[in-house]
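Structure first, commentary second.
The values are calculated or read from the model by the stated rules, or taken from the named source; none is laboratory data. Keep in mind the model is a prediction, meaning the values are calculated, not measured. No Cβ is skipped: glycine too gets one built from the backbone with ideal geometry, and neighbour counts run over all protein chains shown.
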Amino acid sequence: MRITIAGGGNIGTQFAVHCAEKGHEVTVYTSCPELYDGHLNIVDEAGETTHRGEIRLATYDPEKAFRNAEMILITMPATMMRKLADTIYEHTGPDTLIGVVPGNGGAECAFRKCIEKGNTFFGIERVPAIARLIKKGKTVRSTGYREELHVAALPKSEAAGCAAIIEDIFDIRTPVIPNYLNLTMTPSNPILHTTRLKTLFGDWREDKTYESVPLFYEEWDDASSELLIACDEEVQSICRALPEFELSYVKSLRKHYESPTVEAMTKKISSIPAFKGLTTPVTATDSGLIPDLHSRYFTADFSYGLTIIKQIASFAGVSTPYIDEVMAWYKGIAVEKEEFRFSEYGINSREDFDRFYLQ
């Protein structure tokens with residue numbers, strides 16, 4: 001297939017390599033095309049090459065990137081989806097498959113015009129593996145490949161075909177999820193990152209700095225686990241209130257991490273090999289460290305993650321005091337006020353919500 005990867009970062013590079021390795025004609029849509037020479041590779045923890053691929057083109061020209069693409073795989077931040085969706089809508093026909101990873105963040109609403117035009121829009125629940133760029137435009141380290149990926153689509157009748165393509169690209173079993181709302185509600189980063197940040201920086205104010213901060217995962221603590229589990233249970237309460245959407249794939253983080261208690265969750269998250277050494281998003285100032293409020297951990301996971309879950313709770317009539325507490329804290333310190341709103345995509349009522357996600 002002619003596949004365009006939108007985004008040349010960690011996951012975009014990973015996807016480009018796997019697609020090219022399987023013989024697809026790959027274009028990378030990136031703001032830094034000059035960094036690419038056509039050769040991309042994936043390495044493991046030891047620096048040994050495990051996958052390699054040759055891409056056709058790296059470009060920042062949307063006409064060249066999207067006009068003839070049969071499939072577009074989007075790995076860009078949720079904050080960029082609306083603008084990107086308008087660009088893709090302008091440059092593609094109705095037969096192009098459009099996919100996003102990860103599948104949460106409201107991208108399905110951003111691409112509503114494309115769906116109405118006839119495009120199939122699909123999401124992959126989580127990334128295939130942890131990816132970290134070694135050299136942009138050249139090498140990415142990928143570790144901890146999943147045993148399964150999960151795909152959902154709008155309209156849902158097209159999900160099986162999309163899942164088959166993804167399964168072939170990654171050689172990872174890829175079952176179909178019955179409704180896209182399962183991806184929208186997935187309590188991954190929108191719960192994991194936000195509760196950790198609230199615990200780490202709950203006492204932060206503009207005149208406060210820190211001499212040091214814990215590693216984000218490796219020094220995870222019980223307070224973070226306690227808040228995570230509370231918010232995770234609220235997500236499950238929302239799912240139970242929406243039985244018609246078949247939300248069985250919205251797996252509790254307690255099940256995902258096989259950690260039913262606070263202590264078990266702390267032990268599990270702090271010991272995951274792929275999370276070792278990952279730092280907390282901070283900025284250094286003359287007087288010390290402050291939270292990096294421009295990090296995606298803040299700008300995406302609150303404003304295009306947790307706020308979506310909160311709005312769905314409102315449609316479902318479910319109370320979420322812990323999620324409300326975390327969102328209220330973030331809004332008190334946020335420097336970027338933009339956030340996802342269903343109303344901006346014509347979804348203003350439970351009826352609108354049902355009509356969109358049950359198609």
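Filtered by the rule that a residue be out of contact with any Ser or Thr (no Cβ under 7 Å at 6 or more places or on another chain) and buried (at least 17 other Cβ atoms within 10 Å of the Cβ), segment 26-42 gives 26, 28, 30, 36. The residues in segment 143-173 that are over 24 Å from residue 275 (Cα atoms) and assigned to a loop (DSSP other than H, G, I, E, B) can be counted, and the count is 1.
Taken as a whole, the condition of being of a type in the set (A, V, I, L, M, F, W, C), assigned to a helix (DSSP H, G or I) and under 26 Å from residue 152 (Cβ atoms) does not apply to residue 69. Within segment 258-274, how many residues turn out to be crowded, with 18+ Cβ neighbours inside 10 Å and among the small types (Gly, Ala, Ser)? Count: 2.
Across segment 241-270, the number of residues qualifying as out of contact with any helix residue (DSSP H, G or I) (no Cβ under 8 Å at 6 or more places or on another chain), more than 27 Å from residue 152 (Cα to Cα) and either without any contact (Cβ under 8 Å) to a residue 12 or more places away in the chain or not assigned by TED's automatic domain parsing to the domain that holds residue 320 (or both) comes to 4. Tell me, yes or no, whether segment 275-296 has at least one residue that is under 18 Å from residue 105 (Cβ atoms) and buried (at least 20 other Cβ atoms within 10 Å of the Cβ). The answer is no, given that none of the residues of segment 275-296 is under 18 Å from residue 105 (Cβ atoms) and buried (at least 20 other Cβ atoms within 10 Å of the Cβ).
Against the conditions (1) crowded, with 21+ Cβ neighbours inside 10 Å; (2) under 23 Å from residue 28 (Cα atoms), residue 132 satisfies every one except (1). Would you confirm, using the coordinates I've provided, whether residue 154 is crowded, with 17+ Cβ neighbours inside 10 Å and assigned by TED's automatic domain parsing to the domain that holds residue 223? Judged against the criteria, residue 154 is not a match. When segment 218-257 is limited to residues that are among the charged types (D, E, K, R) and in a loop (DSSP other than H, G, I, E, B), the one that is surrounded by the most Cβ atoms within 10 Å (Cβ to Cβ) turns out to be 251. The set of residues from segment 85-118 being of a type in the set (Gly, Ala, Ser) and over 18 Å from residue 355 (Cβ atoms) comprises 85, 93, 99, 103, 105, 107. For residue 99, are the conditions met, namely being assigned to a strand (DSSP E or B) and touching a residue at least 24 places away in the same chain (Cβ under 8 Å)? Taking the combined requirement at face value, the residue satisfies it.
Restricting the first member to segment 212-240 and to residues that are free of Cβ contacts under 8 Å to residues at least 24 places away in the same chain, and the second to residues that are buried (at least 18 other Cβ atoms within 10 Å of the Cβ), the beta-carbon pairs closer than 8 Å and six or more apart or on different chains are 236/250. Selection within segment 90-114: residues that are acidic (Asp, Glu) and surrounded by fewer than 24 Cβ atoms within 10 Å (Cβ to Cβ). The member of this set that is nearest to residue 186 (Cα to Cα) is 95. When each of 337, 310, 331 is tested for being among the basic types (Lys, Arg) and either assigned by TED's automatic domain parsing to the domain that holds residue 110 or part of a loop (DSSP other than H, G, I, E, B) (or both), the lone residue that passes is 337. Of 315, 298, all but one fail to be farther than 23 Å from residue 203 by Cα and out of contact with any His (no Cβ under 8 Å at 6 or more places or on another chain); the exception is 315.
Kindly indicate whether residue 270 is modelled with pLDDT of 95 or more, over 28 Å from residue 206 (Cβ atoms) and under 22 Å from the mean Cα position of the chain (by Cα). Spelling it out, residue 270 is indeed modelled with pLDDT of 95 or more, over 28 Å from residue 206 (Cβ atoms) and under 22 Å from the mean Cα position of the chain (by Cα).
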